[in-house]
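Here the structure comes first, spelled out in structure tokens, and everything after it is commentary.
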Amino acid sequence: MVSEVGRERSRSGRPTSTQAARLTDRIRRAAVDAFLENGYDGTSMEAVAQAAGVTKGTLYARYSDKRALFIAVSSWALTRLERDEGALEPLPDDLAASLETIARAILARSVDPDLVRLSRMAIAESARFPDFAASSQAITWTPRIRVIMDLLRRHEHAGTIVVRDVEIAAEQFFAMVGAMPAWLAAYGIHRRPEVEEAHIQHAVDLFLNGLRIRETPAPLSP
């Protein structure tokens, strides 16, 4: 009886693209779990290969050394978390309500256990792998910031707000609602849901106060 693996192999005897993708995914997951559990220094290529159920030769054929493996799988893990995350619900027409919806999504991601563990690893290895720390921030922040930027541009075109720099404004709003919860979570501190909701409401009010067009112009300073 021909096994499923045997049926999936190409005529040349090499693994099919589907098999290769499954194998790569298994190696990545095993490596991320090993790094998160044991840290960089406590993880070996041999341990990752054993956990993934592959030979060391198979692992080294994909990653030249442990450093290359660490950088690759860590960035992949952050990207996967973003990809696997559910899409935002349709945003309301009201700008404040839309910002609240986005803020709650940012908060949930900031305190996500897997992301917190990856953030701890980035903090611990930032001096040794500055490129990983930089890529972690870019992957973690960029997608949500783009959503905020699109929202601000839409309402600016409608004439309800004025934004001097959309990108800076979006990044600042992200930081207002997500930076502190993420920092606290990295140290095992979590605020109560009602406290986080109060912070979200305050952040939205404060943020919009600087963007709304005022009917009465502010008095000129001397």
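The values are calculated or read from the model by the stated rules, or taken from the named source; none is laboratory data. Keep in mind that this is a model prediction, so the values were computed, not measured. Remember, those area values only see protein heavy atoms, side chains included, never the ligands or the DNA or RNA. Shrake-Rupley method; radii C 1.70, N 1.55, O 1.52, S 1.80 Å.
Couple of notes before you dig in:
- Accessible-area value, TYR187, 1.4 Å probe, nucleic acids and ligands omitted, Å²: 140 Å²
- For the set HIS157, HIS199, HIS190, solvent exposure ranked by accessible area (probe 1.4 Å, protein chains only) runs largest to smallest as HIS157, HIS190, HIS199.
- ILE189 sits with roughly 90 Å² accessible to a 1.4 Å probe, with DNA, RNA and ligands left out of the calculation.
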